[in-house]
Amino acid sequence: MQIAVFSLAFAVALLCAGVMGYAIQRGATCTVAAVDELVTQRTCRRLLSLLEAAVWVAGGLIVAQTLHVLPQMPAGYAISAWTVVGGALLGLGAYINGACVFGAIARFGSGEWAYLVTPIGFYLGCLTVVPLFGMPMPKPLPYGSPVLQASAAVAIVFVVLALMRLVLPWLGSGKSMITRWHEALAARIWSPHAATTVIGVTFVVMLLLVGGWAYTDVLAELARGMSASVGARALLAVALLAGAALGGWTAGLFRSTRLAPAQLLRCLVGGVLMGWGSLLLPGGNDGLILVGMPLAWPYAWLAFATMCATVATAQLARRTIGTGSWSRAN
């Protein structure tokens, strides 16, 4: 009986991972693209949508905690100089790569095969961080997340607001909700907030079913020789990639591209830098957005802000110097 329940839970988690990949591709979800939009268009729509994903996860965690179904969550860490260094490495790596770890999934889903090298570079970065940096040990905070101490009333308010957020846009259209949902899913390009909403919701469901999960965590654990549940977590990563590929193919965006040596090198170097940054913090930008920031850990917010500032500085420097770009935003 327990095996059947676990199998069903894991099957649902695989589906959620695929849906998350689909949403990442359809929404072109990427921190580099969000910062580029802010720098070039003076609008923060994509950046706010990434923060919205953190809010959705935070709300889901509060509801799960109220219902006593939340698994043990990662500890927070004290802010140190390594927080800034790690965030800067994440930003520089994402800029060189042309996409953050979310954006690399979206690019792969569009048939840009070079972005399969990004996870390889990330893995190599995790392997080499100890010889290069001595693996500084982050100091855990002596207290729990303030988010998980929220009252049941906050959980009720979140559920009401979430239902309003999901249902109100569909009312008054003259079409059935099923028809509207089908049209939204089939849309070639999703709005950033729609994509990040799906990402946040599917992440919470996976968290409750199989525990905390991010595909960069799988690579970091492999590099550190941590074999517990790696096989199952790797399958979730495969489902994530498959969902992204399905999203690109069904939208007519999947265009197999030639592998250029320069692009392969950028993806490899960018992946290595992001791998270094993720272990120095600790956490990749997917872990920061979906775990650290929803839990209101100050180090996660500082690291993400540093990452964004680094990407913006690199983009502004490129525009000022006018010497071309390592990065092509989504």
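The values are calculated or read from the model by the stated rules, or taken from the named source; none is laboratory data. Since the model is a prediction, treat every value here as computed from it, not as a measurement. A quick note on method: Cβ atoms are made from the backbone with ideal geometry, for glycine too, and the neighbour counts reach across all protein chains shown. Note: areas computed on protein heavy atoms with side chains; ligands, DNA, RNA excluded. Shrake-Rupley method; radii C 1.70, N 1.55, O 1.52, S 1.80 Å.
How long is the gain from Arg319 to Thr43 if the chain were fully straight, where each residue apart is worth 0.36 nm and the alpha carbon distance is subtracted?
Length gained, Arg319 through Thr43: 97.6 nm.
What relative contact order, as a whole-number percentage, does segment 233-325 give when Cα pairs under 8 Å and 6 or more residues apart are counted? Spell out each step's value before the answer.
Numbers: 24 pairs, mean separation 10.5, N = 93.
The normalised contact order for segment 233-325 reaches 11 percent.
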Given Cα pairs under 8 Å that are at least 6 residues apart, what percent is the relative contact order of the chain?
-> 43 percent
Would you mind calculating the gained length between Phe133 and Val157 on full extension (0.36 nm times residue separation, minus the Cα-Cα distance), in nm to one decimal?
-> 4.2 nm
Simple spin-label model, 7 Å along Cα-to-Cβ: Ser191 to Arg224 in nm?
-> 3.9 nm
Here, trypsin sites (Lys or Arg not before Pro) of segment 1-66 satisfying both criteria (DSSP loop; at most 13 other Cβ within 10 Å) are Arg42
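Per residue, how large is the accessible surface of segment 199-285? Use a 1.4 angstrom probe and give square angstrom.
Numbers: 3560 Å² over 87 residues.
So segment 199-285 comes to 41 Å² accessible per residue, rounded to a whole number.
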Can you name the helices of the chain, as whole DSSP H runs, whose Cα span along the helix axis is 27 Å or more and whose Kyte-Doolittle mean is not below 1.0?
-> 2-26, 45-66, 230-250, 261-280
Can you list the residues, at least 5 places off or on another chain, whose amide H is less than 5 Å from the amide H of Tyr77, using H built in the peptide plane?
-> Leu141, Tyr299
On average over all directions, what projected area in square nanometres does the chain have, based on the convex hull of its Cα atoms?
-> 18.2 nm²
Give the calculated FRET efficiency between Thr250 and Trp113 to the nearest 0.05, with a Förster radius of 25 Å applied to their Cβ-Cβ distance.
-> 0.85
